[in-house]
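Asker: Okay, here's the structure, questions in a sec.
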Amino acid sequence: MSTPFASAAAHYARYRAPYPREFHALLADRFALDGSQTVLDLGAGPGTLGLPLAPQADHVYAVDPEPAMLAEGARLAHERGLANISWLRGDAAAVTRLCLPRIDLCVIGRAFHLMDRGRVPADLDEVLAPRGGVVVVTSLHRPDDPEPAWTAVVAEVRERFLGPGPVAGAGAGTPPPADCEDGQHLDDWDDLVEGLAKSPFSRVETHQWDQPVRRTADEVIGLQLSLAASGPAALGDRVTAFRAELRRALLDHDPRGTYARTLRIGAAVATRPRR
């Protein structure tokens, strides 16, 4: 059975912002990536994390429950000449049943907020090598952060087509901004970090970066279509009208057609305590 992300997969692969270079430099340094490691990308989507890691790994296992996401990832891997990625259908709850080899590094992106945060680290304790680690990375949003004015334009059009309510991936209660990349609220981030600190991977260090992003009107529209709650399946036969109306509203707001914001990226690096 397909997930709500099935119709959004192609837009997700194309329009979600990559994680910053500083994050990948952190992984390379922290886990001494030299092409000999085995990496698990859990909740991989189209390989937003796994594809950039493949050149630094011996093998990457990309696991996701949505076949359309895996197909997009396999397509991108083929385009980039990456032959060391296995695309496996499965979810975090079944990670111990995937018959994986010993894993040196598990990376989890924005999908972590959909997982059982207590069970997943416990299951990964059975899968990861003694010196292995878990890294969770996501975009963050503080409710009192100032939002660029153009995001209100997106929110107004989205609400007109889809009604009020949070976007899929929002923390409980308050919806994230219209260009949130499925961001988490910082209070939820603190809970996430605290949960990792109570897991078998209790040595936790955190990092944050500000990532400037500039998008065209079409890229802003594509980002909306990458969200489960505003993807093609949610819009149905109104996709074309939504595209046209959002483009018109954005260009009315700023005819230059460039829309900038800064994403705050957070990463939690969790390893077992030293003995």
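The values are calculated or read from the model by the stated rules, or taken from the named source; none is laboratory data. Bear in mind that the values here come from a model prediction, so they are computed numbers and not experimental data. Cβ coordinates were reconstructed from backbone atoms using ideal geometry, including for glycine residues, and neighbour counts include every protein chain displayed. Heavy atoms of the whole protein, side chains included, go into the accessibility calculation; ligands, DNA and RNA do not. Shrake-Rupley method; radii C 1.70, N 1.55, O 1.52, S 1.80 Å.
Asker: Would you tally the residues in segment 130-145 being within 23 Å of residue 101 (Cβ to Cβ), surrounded by fewer than 14 Cβ atoms within 10 Å (Cβ to Cβ) and in contact with a Ser or Thr (Cβ under 9 Å, 6 or more places away or on another chain)?
Answerer: Qualifying residue count for the region: 1.
Asker: Taking the conditions exactly as written (closer than 30 Å to residue 130 by Cα and among the hydroxyl-bearing types (Ser, Thr, Tyr)), does residue 226 satisfy them or not?
Answerer: Numbers: closer than 30 Å to residue 130 by Cα: no; among the hydroxyl-bearing types (Ser, Thr, Tyr): yes.
Answer is no for this residue.
Asker: Also: Step by step: first the residues of segment 202-222, then only those that are more than 30 Å from residue 31 (Cα to Cα) and of a type in the set (Val, Ile, Thr), then the one that is most open to solvent (accessible area, probe 1.4 Å). Which residue is that? Working first, answer last.
Answerer: Start the filter on segment 202-222 by keeping residues that are more than 30 Å from residue 31 (Cα to Cα), which leaves 214-222.
Remaining after also requiring of a type in the set (Val, Ile, Thr): 216, 220-221.
Values: 216: 61, 220: 1, 221: 1 Å².
Taking the candidates together, the pick is 216.
Asker: Right, another one. Only one of 35, 73 is under 17 Å from residue 16 (Cα atoms) and at pLDDT 95 or above; which? Working first, answer last.
Answerer: Values: 35 fails: under 17 Å from residue 16 (Cα atoms).
Exactly one of 35, 73 is under 17 Å from residue 16 (Cα atoms) and at pLDDT 95 or above, namely 73.
Asker: Report whether or not residue 96 is over 30 Å from residue 252 (Cα atoms), of a type in the set (Val, Ile, Thr) and without any contact (Cβ under 8 Å) to a residue 40 or more places away in the chain. So that I can check it myself, show each step before the final result.
Answerer: Values: over 30 Å from residue 252 (Cα atoms): yes; of a type in the set (Val, Ile, Thr): yes; without any contact (Cβ under 8 Å) to a residue 40 or more places away in the chain: yes.
Judged against the criteria, residue 96 is a match.
Asker: Take the residues in segment 1-24 that are assigned to a helix (DSSP H, G or I) and within 14 Å of residue 73 (Cα to Cα); name whichever of them is most open to solvent (accessible area, probe 1.4 Å). Steps first, please.
Answerer: Step one: list which residues in segment 1-24 are assigned to a helix (DSSP H, G or I), which gives 9-15, 21-24.
Now restrict to residues that are within 14 Å of residue 73 (Cα to Cα): 9-15.
Working: 9: 3, 10: 51, 11: 33, 12: 34, 13: 28, 14: 177, 15: 42 Å².
Restricting to residues being assigned to a helix (DSSP H, G or I) and within 14 Å of residue 73 (Cα to Cα), the top hit is 14.
Asker: Against the conditions (1) of a type in the set (Asp, Glu); (2) in a strand (DSSP E or B); (3) in contact with a Pro (Cβ under 6 Å, 6 or more places away or on another chain), where does residue 125 fall short? Just the number, please.
Answerer: (2)
Asker: Of all residues in segment 223-275, how many are open to solvent by 20 Å² or more (accessible area, probe 1.4 Å), polar (S, T, N, Q) and either in contact (Cβ under 8 Å) with a residue 60 or more places away in the chain or in a strand (DSSP E or B) (or both)?
Answerer: Residues meeting the conditions: 2.
Asker: So residue 270 fits all but one of (1) at pLDDT below 95; (2) within 30 Å of residue 125 (Cα to Cα); what number is the exception?
Answerer: Every condition holds for residue 270 apart from (1).
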